[in-house]
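Report on one structure; see the data block that follows.
Only the coordinates and a few stated rules stand behind these numbers; no lab work does. Bear in mind that the values here come from a model prediction, so they are computed numbers and not experimental data.
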Amino acid sequence: MRVLLASPRGFCAGVNMAIDALELAIQSLPGPIYVYHEIVHNKYVVDRFRSQGVVFVDSLADVPEGATLLFSAHGVSPEVRQLARDRKLRAIDATCPLVTKVHLEAIKYANLGYTIFLIGHEGHDEVIGTMGEAPEAIVLVETPEEVDRLTVVDESKVAYLTQTTLSVDDANRIIKRIRQRYPDVASPPKDDICYATQNRQEAVSVLADKADLTLVLGSQNSSNSQRLAELSREKGVNAHLIDGVEDIDPDWFENVDSVLVTAGASAPEVVVEAVLDFLQDRFDATVEARTLRTEDVSFPLPRELRVLSTR
């Protein structure tokens, strides 16, 4: 068997920053450390931190007053930030800067009186946080068909933003329809879909048809990981989204000579290595690294933790 190992894959700069922040908080601050929602959407990462005593909560009512609370990489709404202040929590903001960028864009357009079309998935943590910045001004749009049903007060003052982890192709189809209906629609000068999401999708787009099967390392609630599996299937190559080697069914590999392996932006490299070991041991696979782009992006730790990192 031949294994094509896609690169870039795995952790992006925002995920690295959030994980580094939580690790430093565990080492330097009195516990337990609480995290609002999952730090990143990955079962392996969340389970590892939970084993270290981290408490993940979906409501700030579950956080004792005065405790340390870390906001995840997906961002939160102003309402959650205010609630943290009301409960006198030591809040550490590990929001990805690229998500913060979308929040700031939402605030800007809302202050200018625009109706904002937010292209994204209902219920995703990032979407909930962004919509919380200006709920009266933002309309969620999930499909091109929904664009046809939109109604706005002033069609000359509309703008669109996107969730950072969307399928580039899916987002572009919605954007195209918005532009057809609202030719003067405003948009950010730089795409909202993050560099890592685009790079990982590009790798699958280029490499999938060179394989008989694609394995995507990532959790089911990871939007960007789901998109990688969907993209492979759109290319006509079956794909499985798995948390790790324990999810693999050997029957998948019947009549399979080549496998593409990649990982979503919240999946750690250790799970990729375990899958490669399995394929090498079970099928005597040879691994060929395929690098389409190099990434050298990094984000600083949250300001609340920077002083701790220098001690």
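Rounded to the nearest whole Å³, what is the per residue volume of the convex hull around the Cα atoms of the range 1-131?
Value for the range 1-131: 143 Å³ per residue.
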Cα centroids of the range 112-175 and the range 210-256: how far apart, whole angstrom? 29 Å
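To the nearest whole percent, what portion of all C-alpha pairs in the range 152-207 is separated by more than 19 angstrom?
Distances greater than 19 Å cover 36 percent of the Cα pairs.
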Rounded to two decimals, what ratio of Rg to Rh does the range 229-281 give with C-alpha atoms and a Kirkwood Rh? 0.94
Can you run phi through the Karplus equation (6.51, -1.76, 1.60; θ = phi - 60°) for the range 47-59 and list ³J(HN,Hα) in whole Hz, with x for Gly and Pro? 4, 5, 5, 4, 5, 9, x, 5, 10, 9, 10, 9, 9
Report Rg (one decimal) and Dmax (nearest whole number) for the chain, counting Cα atoms only, units Å. 20.6, 63
Using eta = 1.306 mPa s and T = 10 °C, Stokes-Einstein with Kirkwood Rh from Cα pairs puts D for the range 3-65, in µm² s⁻¹, at 122 µm²/s
Kindly provide log₁₀ I(q)/I(0) values, in the same order as q = 0.09 Å⁻¹, from the Debye equation applied to equal alpha-carbon scatterers of the range 56-206. -0.32
Fraction of alpha-carbon pairs over 15 Å apart in the range 59-114 - percent: 53 percent
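Divide the volume of the convex hull of the Cα atoms of the range 98-181 by its number of residues and quote the answer in cubic angstrom per residue.
On the way: hull volume 7.0 nm³, N = 84.
Value for the range 98-181: 84 Å³ per residue.
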log10 I(q)/I(0), Debye, Cα-only the range 181-294, no solvent, q = 0.15 Å⁻¹? -0.65
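Given Lys108/Lys157; Lys210/Lys235; Lys108/Lys190; Lys176/Lys210, which pairs have Cα atoms separated by over 19 Å?
Lys176/Lys210
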